[in-house]
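*Asks:* I have a structure I would like to understand better, so I am pasting it below and will then ask my questions one at a time.
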Amino acid sequence: MAKESTKTNKKQPVKASVASVAAGVAINIGISDEDRAAMAQGLSRLLADTYTLYLTTHNFHWNVTGPMFNALHNMFMDQYTELWNAVDPIAERIRSLGHPAPGSYAQFGKLTSLADVPATPPKAKEMIRILVEGNEAVARTARSLFPLADKASDEPTADLLTQRLTVHEQTAWMLRSMLEE
């Protein structure tokens, strides 16, 4: 059994518990077990939302039709590629906090705040509206985690959240612009 650490950082005392011992090595990164668990839970919701939005966006890339086909097909590809590249840093942050990252459809289905894509592909403008709502939902999920990151002085997570907010807010704006007549 690993020896419990009682070292402290300047902001808060941190004690490694048995629950934070992985492979016989205690996790003592200056964030309490409780705060790391809360951050990992929140990031798991963000990961599920991001993956669900990725899947929806990729689906729409495959199934878009109509006069905006070329513009939307290419835009959706850019968006799903960005989302695909986002899931790994989120999952790896969860792992850095000492928790397993969710990775199954069942887990994502329980954790996501996004609705599943309709079984029959919607018309192009409805796809855009669904993606606006999805990006806004992911932004809300990311924004909701800032109080946890602040409480724990978890700057790496706060940085990740800021990056995700920038992408989702800008993407929602660009998609909303396409809905104007």
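The values are calculated or read from the model by the stated rules, or taken from the named source; none is laboratory data. Remember, predicted model here, so these are calculated numbers, not experimental data. All Cβ positions, even for glycine, are placed from backbone atoms using ideal geometry, and neighbour counts span all protein chains on display. Accessible surface is based on the protein model in full, side chains and every heavy atom, while ligands, DNA and RNA are left aside. Shrake-Rupley method; radii C 1.70, N 1.55, O 1.52, S 1.80 Å.
*Asks:* With the checklist (1) open to solvent by 20 Å² or more (accessible area, probe 1.4 Å); (2) in contact with a helix residue (DSSP H, G or I) (Cβ under 6 Å, 6 or more places away or on another chain); (3) within 22 Å of Ala149 (Cβ to Cβ) in hand, flag the one item Tyr54 doesn't pass.
*Replies:* All conditions pass for Tyr54, except number (3).
*Asks:* Next question, about the same structure. Residue by residue through segment 107-133, note down the ones that are open to solvent by less than 70 Å² (accessible area, probe 1.4 Å), over 13 Å from Leu47 (Cα atoms) and either touching a His at 6+ places or on another chain (Cβ under 6 Å) or not in a loop (DSSP other than H, G, I, E, B) (or both).
*Replies:* Matches in segment 107-133: Ala124, Glu126, Met127, Ile128, Ile130, Leu131, Val132.
*Asks:* Let me ask something else about it. Going residue by residue through segment 74-87, is there one that turns out to be outside any helix (DSSP H, G or I) and open to solvent by less than 60 Å² (accessible area, probe 1.4 Å)?
*Replies:* For segment 74-87, residues outside any helix (DSSP H, G or I) and open to solvent by less than 60 Å² (accessible area, probe 1.4 Å): absent.
*Asks:* Still on this structure: Can you say whether Ile90 is in contact with a helix residue (DSSP H, G or I) (Cβ under 6 Å, 6 or more places away or on another chain) and either exposed (fewer than 12 other Cβ atoms within 10 Å of the Cβ) or free of Cβ contacts under 8 Å to residues at least 60 places away in the same chain (or both), as far as the supplied structure shows?
*Replies:* Here the answer is no, as Ile90 does not meet what is asked.
*Asks:* Looking only at segment 148-165, decide whether some residue is at pLDDT 95 or above, within 26 Å of Ile31 (Cα to Cα), among the basic types (Lys, Arg) and out of contact with any helix residue (DSSP H, G or I) (no Cβ under 8 Å at 6 or more places or on another chain).
*Replies:* no
*Asks:* Right, here's the next one. Restricting to segment 161-181, and then to whatever is open to solvent by 20 Å² or more (accessible area, probe 1.4 Å) and of a type in the set (A, V, I, L, M), can you tell me which residue is nearest to the chain's Cα centre (by Cα)?
*Replies:* Val167
*Asks:* Another question about this same structure. In segment 57-72, which residues are surrounded by fewer than 20 Cβ atoms within 10 Å (Cβ to Cβ) and either in contact with a Phe, Trp or Tyr (Cβ under 9 Å, 6 or more places away or on another chain) or under 19 Å from Ala137 (Cβ atoms) (or both)?
*Replies:* In the first step, residues of segment 57-72 are kept if they are surrounded by fewer than 20 Cβ atoms within 10 Å (Cβ to Cβ); the result is 58-59, 61-63, 65-71.
Once the filter is applied, which keeps residues that are surrounded by fewer than 20 Cβ atoms within 10 Å (Cβ to Cβ) and either in contact with a Phe, Trp or Tyr (Cβ under 9 Å, 6 or more places away or on another chain) or under 19 Å from Ala137 (Cβ atoms) (or both), segment 57-72 yields His58, Asn59, His61, Trp62.
*Asks:* Now, a different point. Return the pair list, or none, for Cβ contacts closer than 8 Å from residues in segment 162-181 that are on the phi < 0 side of the Ramachandran plot to residues that are open to solvent by 90 Å² or more (accessible area, probe 1.4 Å), at least 6 apart or on different chains.
*Replies:* If the second residue must be open to solvent by 90 Å² or more (accessible area, probe 1.4 Å), the pairs left are Leu165/Arg143.
*Asks:* Only one of Pro147, Pro100 is within 22 Å of Glu34 (Cβ to Cβ), open to solvent by 70 Å² or more (accessible area, probe 1.4 Å) and not in a helix (DSSP H, G or I); which?
*Replies:* Pro100
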